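Here is the structure we will look at, set down as structure tokens.
The values are calculated or read from the model by the stated rules, or taken from the named source; none is laboratory data. The structure presented is a predicted model; accordingly, all values stated were derived computationally and were not measured. Cβ placement follows ideal geometry from the backbone for every residue including glycine, while neighbour counts extend to all protein chains displayed.
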Amino acid sequence: MKLPIAKRIPHPHKLHGDVREDDYYWLNDRNNPEVIEYVEDENRYYKEIMEPLKEQTEEIYQRMVDRVPESEVDVPVQHGPYFYYSRLDKTKQYPIYQRKKATSRELLSEAPEEVVLDLNELAKESDYLSVTALKWTNDHRLLAYLENRDGTDRYTIFVKDLETGELLPDLIQDVFIYGSVEWSRCGEHIFYITVDDNERPSRLMRHRLGSDSNQDELLYEEKDETFTLYMNKAQSGKYIFVHSNSKTTSEIRLIDADSPLSPLQLVDARQDGIEYDVEHWGEDLLILSNEEAQNFQLLRCPLKDLHARENVADYEENRYLQALYPFQDKLLVAGRENGLTQIWELKNGQLEQIQWEEPLYSVSVKSNQSYDASEVLLSFESMTTPETTFGLNLVNGVKKCLQVAPVSGEYDSSNFRQKQLWATAEDGVKVPLNLLYKEGALDNGPAPVILYAYGSYGANSDPRFSPYRIPALERGVVLATAQVRGGSEMGKHWYEDGKMQNKRNTFTDFIAAAKFLIEEGYTTSEKLAARGGSAGGLLAGAVANMAGDLFKVIVPEVPFVDVVTTMLDTTIPLTTLEWDEWGDPRESEAYFYMKSYSPYDNVEAKDYPHLYVTTGLNDPRVGYWEPAKWVARLRELKTDDHIIVMKTNMGAGHFGESGRFNQLKEAAALYAFVLDKIGIDAEIKVQDAVQ
């Protein structure tokens with residue numbers, strides 16, 4: 001079996017007096033046939049390595065498919081005279097979006113079903129399909145949606161007449177993947193945001209329905225390369241909020257959705273380090289602001305005087321407020337406290353937390369609900385409880401369970417356990433660590449563990465349920481999630497302590513979690529795997545260099561591993577937006593700090609664990625060449641006989657295959673590789689699986 005070997009072409013790069021040797025820099029030219037040949041060599045090698053695991057992969061895949069319900073139907077969300085929902089049948093790759101017209105939830109069963117958009121029909125035209133941002137007009141006659149067929153962030157707006165089923169001639173290209181499409185209330189104008197040459201969402205446009213999109217009007221252009229644009233509509237539908245955001249600073253403008261030709265109105269001019277968000281409620285704007293309040297305070301101001309601010313509720317340092325959901329008769333606020341997501345009701349000037357029965361969980365307010373709703377849908381789940389939809393009565397505060405997401409096959413939540421532990425980081429900080437396992441998995445000494453983390457951009461790794469984890473859990477595997485710094489699990493400071501010049505905390509927190517699991521007898525290095533994707537792939541790559549001996553196998557998925565080169569190249573999509581997250585390497589201090597942890601720059605002649613690396617040729621977020629270069633250097637320098645595979649998806653981007661069965665096949669292959677390396681036999685008796 002021949003190992004793929006990339007040739008070395010010297011490419012020294014000097015900056016701040018430091019010379020970086022980058023012999024694999026040539027791999028970033030996807031137009032070079034030798035580059036494609038090398039990537040395909042890696043794919044051929046991947047297939048050879050995975051061939052002996054073919055039966056295990058298929059067995060895991062089939063067990064995942066067995067967990068796919070015959071049909072998954074969302075609880076319908078009322079919006080005006082319609083209730084909207086999606087259905088995903090077991091035989092389908094993609095969901096079908098539908099609606100019913102009814103005056104109340106109780107009458108839904110009698111209402112005829114209308115298909116709004118069937119993604120399975122759209123998917124017949126190509127191998128890859130991504131559809132986002134379904135937006136209907138206020139009269140519910142027209143639907144605008146975003147479609148992409150190559151895995152990039154450049155989408156096309158299509159407009160469908162829901163009465164005739166026909167597509168209108170209005171077609172708008174180069175629109176960003178999300179937060180980029182809204183209707184005026186009259187349904188005559190579409191506001192949208194396009195991307196520039198670097199795929200940065202930067203231009204706000206207005207389109208009049210039926211006109212030539214080449215004549216669309218530019219309303220605002222964000223010229224600061226460290227900022228992006230996105231927009232959302234107020235819960236009331238009265239305003240569209242246009243956000244100019246960097247990683248540290250916000251600026252918001254208002255569009256009157258009833259008066260789409262009126263000029264934009266600035267809420268607050270940007271101030272470095274000040275972030276804010278807004279919503280509309282009655283005669284006021286509600287504002288969440290971190291000015292003199294790291295975890296955000298709740299303010300209000302009259303629409304007639306945007307500078308007259310007053311507190312809505314007292315600020316509490318341990319309560320991180322993140323989103324506002326104003327309804328006609330009640331204000332709900334979402335955020336975090338004690339490491340968990342929370343929802344509060346505003347009562348008599350105080351935020352009162354809605355209570356839940358389990359100790360570990362995730363809760364959220366369902367999106368796209370009517371402003372005048374008397375019952376609001378809330379989503380609840382834990383690692384052992386499937387997503388459960390509750391209806392919250394806004395008058396009496398009573399929660400009513402409306403639906404528990406189905407789990408196909410035998411599933412009894414009492415046979416599984418979730419547990420929160422705390423690992424001590426090297427600087428003494430306590431790091432949350434959540435475990436999920438089948439009852440009895442820890443009874444016979446150290447167990448196989450897959451440890452996951454993300455730890456960047458303030459994104460959180462909250463307790464979630466997935467039936468597709470069950471095949472691994474049935475084999476006695478413990479699934480662990482380290483809520484390392486760089487996320488926001490413990491509040492805004494948790495994010496600040498894991499970015500820029502504090503970025504190494506993300507990696508050392510993860511290492512501390514791994515050591516804790518070993519020292520406390522949960523697992524051993526021979527039974528421990530690490531996993532992370534994108535920025536979490538950076539974590540996985542950094543840990544492979546810093547503490548690879550703790551793990552038998554590491555899985556960096558679409559990993560951001562060539563930090564310095566990427567952050568120096570402003571021609572790469574989204575690079576300039578990242579300087580507030582990682583630092584600007586044109587500055588000496590940032591350069592040397594990045595270089596100290598960048599996985600590509602720190603590969604050494606030493607032993608490494610088994611590595612299962614994934615990437616996508618069309619990935620606009622993490623270029624395929626980053627993992628390709630890293631794997632090439634690892635093959636050159638590592639001193640062990642452990643296996644490295646790199647699977648490149650040649651027709652997709654950052655999120656891998658489209659279609660859920662294709663995604664399950666990818667997941668099954670990953671699990672087969674990992675379980676094989678940590679000594680887990682993929683064979684399992686049926687009676688063991690259902691005990």
Of Gly187, Gly210, Gly165, Gly282, which residue is surrounded by fewer than 20 Cβ atoms within 10 Å (Cβ to Cβ), within 25 Å of Leu129 (Cβ to Cβ) and free of Cβ contacts under 8 Å to residues at least 60 places away in the same chain? Gly165
Might you let me know whether the stretch 657-677 holds any residue that is modelled with pLDDT under 95, over 19 Å from Gly532 (Cβ atoms), of a type in the set (S, T, N, Q) and surrounded by fewer than 20 Cβ atoms within 10 Å (Cβ to Cβ)? yes
Yes or no: the stretch 298-317 includes at least one residue that is within 30 Å of Asp497 (Cα to Cα), charged (D, E, K, R), touching a residue at least 24 places away in the same chain (Cβ under 8 Å) and not in a loop (DSSP other than H, G, I, E, B). no
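Name the one entry in Asp174, Asp170 that is touching a His at 6+ places or on another chain (Cβ under 9 Å) and either in contact (Cβ under 8 Å) with a residue 40 or more places away in the chain or not in a loop (DSSP other than H, G, I, E, B) (or both).
When all the criteria are applied, what remains is Asp170.
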In the stretch 1-20, which residues are touching a Pro at 6+ places or on another chain (Cβ under 9 Å), more than 13 Å from Asp562 (Cβ to Cβ) and surrounded by 11 or more Cβ atoms within 10 Å (Cβ to Cβ)? Leu15, His16
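When you scan the stretch 512-537, how many residues do you find that are aliphatic (A, V, I, L, M), in contact with a helix residue (DSSP H, G or I) (Cβ under 7 Å, 6 or more places away or on another chain) and surrounded by 23 or more Cβ atoms within 10 Å (Cβ to Cβ)?
The qualifying residues number 4.
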Quickly run through the stretch 485-504 and pick out the residues that are surrounded by 18 or more Cβ atoms within 10 Å (Cβ to Cβ) and either touching a Pro at 6+ places or on another chain (Cβ under 8 Å) or more than 22 Å from Phe296 (Cβ to Cβ) (or both). Glu489, Met490, Lys503
From the residues in the stretch 318-331 that are outside any strand (DSSP E or B) and more than 21 Å from Lys238 (Cα to Cα), which one is modelled with the highest pLDDT? Arg319
So Val613, is it in contact with a His (Cβ under 8 Å, 6 or more places away or on another chain) and either under 22 Å from Asp197 (Cα atoms) or assigned by TED's automatic domain parsing to the domain that holds Glu37 (or both): no
Is it fair to say Ala540 is surrounded by fewer than 23 Cβ atoms within 10 Å (Cβ to Cβ), in a helix (DSSP H, G or I) and among the hydrophobic types (A, V, I, L, M, F, W, C)? no
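Yes/no matrix, rows are residues, columns are (1) of a type outside the set (D, E, K, R); (2) over 30 Å from Gly486 (Cβ atoms); (3) more than 22 Å from the chain's Cα centre (by Cα):
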site	(1), (2), (3)
Leu204	yes, yes, yes
Lys247	no, no, no
Glu251	no, no, yes
Trp281	yes, yes, yes
Leu286	yes, no, yes
Residues located in the stretch 128-162, provided they are within 19 Å of Ile177 (Cβ to Cβ) and part of a loop (DSSP other than H, G, I, E, B): Tyr128, Leu129, Arg149, Asp150, Gly151, Thr152, Asp153, Arg154
Starting from the stretch 109-127, take each residue that is under 12 Å from Phe83 (Cβ atoms) and outside the structural domain of Thr164 (by TED's automatic domain parsing) and list its partners that are part of a helix (DSSP H, G or I) and not small (Gly, Ala, Ser), counting only C-beta distances under 8 angstrom and pairs at least six apart or across chains. none
Out of the residues in the stretch 332-357 that are modelled with pLDDT of 95 or more and under 21 Å from Leu435 (Cβ atoms), which is surrounded by the most Cβ atoms within 10 Å (Cβ to Cβ)? Arg336
Tell me, please, whether a residue that is out of contact with any helix residue (DSSP H, G or I) (no Cβ under 7 Å at 6 or more places or on another chain) and under 30 Å from Ser374 (Cα atoms) can be found in the stretch 40-62. no
So, in the stretch 106-125, of the ones that are within 27 Å of the chain's Cα centre (by Cα) and in a strand (DSSP E or B), which residue ends up farthest from Ile96 (Cα to Cα)? Val116
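Table: residues versus (1) touching a strand residue (DSSP E or B) at 6+ places or on another chain (Cβ under 6 Å); (2) in the same structural domain as Leu634 (by TED's automatic domain parsing); (3) modelled with pLDDT under 95.
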residue: Asn502; (1), (2), (3): no, yes, no
residue: Thr508; (1), (2), (3): no, yes, no
residue: Glu526; (1), (2), (3): no, yes, no
residue: Ala529; (1), (2), (3): yes, yes, no
residue: Ser534; (1), (2), (3): no, yes, yes
residue: Phe551; (1), (2), (3): yes, yes, no
residue: Glu557; (1), (2), (3): yes, yes, no
Would you confirm, using the coordinates I've provided, whether Asn460 is modelled with pLDDT under 95, surrounded by fewer than 24 Cβ atoms within 10 Å (Cβ to Cβ) and assigned by TED's automatic domain parsing to the domain that holds Glu59? no
Considering only residues of the stretch 578-593 that are surrounded by fewer than 23 Cβ atoms within 10 Å (Cβ to Cβ) and within 26 Å of the chain's Cα centre (by Cα), which is nearest to Tyr155 (Cα to Cα)? Glu578
Filtered residues of the stretch 430-457 (kept if more than 23 Å from the chain's Cα centre (by Cα) and surrounded by fewer than 18 Cβ atoms within 10 Å (Cβ to Cβ)): Lys430, Glu439, Gly440, Asp443, Asn444, Gly445
Kindly provide the set of residues from the stretch 607-640 that are modelled with pLDDT of 95 or more, in a loop (DSSP other than H, G, I, E, B) and among the hydroxyl-bearing types (Ser, Thr, Tyr), ordered by number. Tyr608, Thr639
Looking at the stretch 343-452, what strands (runs of 3 or more DSSP E) fall wholly within it and have at least 2 residues that are touching a residue at least 24 places away in the same chain (Cβ under 8 Å) and farther than 30 Å from Phe516 by Cβ? 350-353, 375-381, 388-393, 399-404
